[in-house]
Amino acid sequence: MENLSQKDSKVEVKGFEARHYDLLMNLITLGSYSLFIRKAIRELNLKSGEDIVDLGSGTGRNACLMLKEIGKEGRITGIEIGEVMKEKFLKKCNFPNIKLIDRKIDEPFKLDKKFDRAFISFVLHGFIHEKREIILENVKHMLKPGGKFSILDYNEFDVDNSSFFVKFAIRKIECPLAEDFIERDWKTILSKYGFIKFEESFYFKKKVRLLTAFL
């Protein structure tokens, strides 16, 4: 694979795409994205009262869905830097137990509290691996002992031996860094950060995975 840098990433959505992100995702997937994300959030098996950090929280769609699972006693902290995304998040998730932090997740930082769970959805693949490692280190420090980290993103699969549609989507439409993410063994990587147990759910013919790692 050609050498790529963070400048090649499409992880930060801007402009028209950011203003209409949720609608565009529904249109592109013929309505399946909304059903998929609701199913994935349910399969997180969240508990009432949990305290969750949502990295790269976007428009707040996921945070609002998670809030229904954790109830009024739960807490969600979103982390997002996109101006349009932050505006949408604050409008969509205007609840007393949800807050938003403007912070780059790929730079080292620590928050003043620990969380039961961390969640990241279709964001991690948009970073070069050195940046992903910084994100994992940040997550490690955010979680309480026994905390869980859930990654909703592409599964590991052989792009070369996939259908024409999948190859075209990954290599021509998706972020150029996605194929590097797909080729890596994420359980082995996460184990280096102290995660010792894993649970998985699969979607879209196992091309997408919800991977939950336990500290």
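The values are calculated or read from the model by the stated rules, or taken from the named source; none is laboratory data. This one's a predicted model, so the numbers in the text were calculated from it and none came from an experiment. Quick reminder, even Gly has a Cβ in these numbers, built from the backbone with ideal geometry, and neighbours come from all protein chains shown.
The residues of segment 106-161 that are of a type in the set (Phe, Trp, Tyr), closer than 22 Å to Ser9 by Cβ and in contact with a Ser or Thr (Cβ under 8 Å, 6 or more places away or on another chain), listed by number, are Phe119, Phe127, Phe149. The residue list Lys68, Lys113, Lys104 contains one member that is out of contact with any Gly (no Cβ under 9 Å at 6 or more places or on another chain), assigned to a loop (DSSP other than H, G, I, E, B) and farther than 24 Å from Leu177 by Cβ, which is Lys113.
Looking across segment 110-134, the residues that are surrounded by 15 or more Cβ atoms within 10 Å (Cβ to Cβ) and hydrophobic (A, V, I, L, M, F, W, C) come down to Phe115, Ala118, Phe119, Ile120, Phe122, Val123, Leu124, Phe127, Ile128, Ile134. Could we say that Tyr193 is modelled with pLDDT of 95 or more, aromatic (Phe, Trp, Tyr) and surrounded by fewer than 21 Cβ atoms within 10 Å (Cβ to Cβ) here? Here the answer is yes, as Tyr193 does meet what is asked. Among the residues of segment 143-165 satisfying the criterion of being over 25 Å from Leu44 (Cβ atoms) and surrounded by fewer than 16 Cβ atoms within 10 Å (Cβ to Cβ), which is modelled with the lowest pLDDT? Across segment 143-165, the extreme among qualifying residues is Phe165.
Consider Ile135 carefully, then state whether it is part of a helix (DSSP H, G or I), closer than 24 Å to Arg209 by Cα, among the aliphatic types (A, V, I, L, M) and touching an Asp or Glu at 6+ places or on another chain (Cβ under 7 Å). Yes: the conditions hold for Ile135. Of all residues in segment 77-86, one or more are in contact (Cβ under 8 Å) with a residue 12 or more places away in the chain, more than 25 Å from Cys175 (Cα to Cα) and outside any loop (DSSP other than H, G, I, E, B).
If you filter segment 185-215 down to residues that are of a type in the set (A, V, I, L, M, F, W, C) and part of a loop (DSSP other than H, G, I, E, B), you find that the one that is farthest from Asn161 (Cα to Cα) is Leu215.
In this structure, Phe181 does not satisfy being at pLDDT 95 or above, within 18 Å of Asn62 (Cβ to Cβ) and under 15 Å from the mean Cα position of the chain (by Cα). A Cβ distance below 8 Å, combined with a sequence gap of six or more or placement on separate chains, defines the contacts here; from segment 65-76, residues that are of a type in the set (D, E, K, R) reach residues that are part of a helix (DSSP H, G or I) in the pairs Glu69/Ile41; Glu69/Arg42. Mind listing just one residue for me: the one in segment 138-171 that is assigned to a helix (DSSP H, G or I) and of a type in the set (D, E, K, R) and, of those, nearest to Gln6 (Cα to Cα)? Within segment 138-171, the match that is nearest to Gln6 (Cα to Cα) is Arg171.
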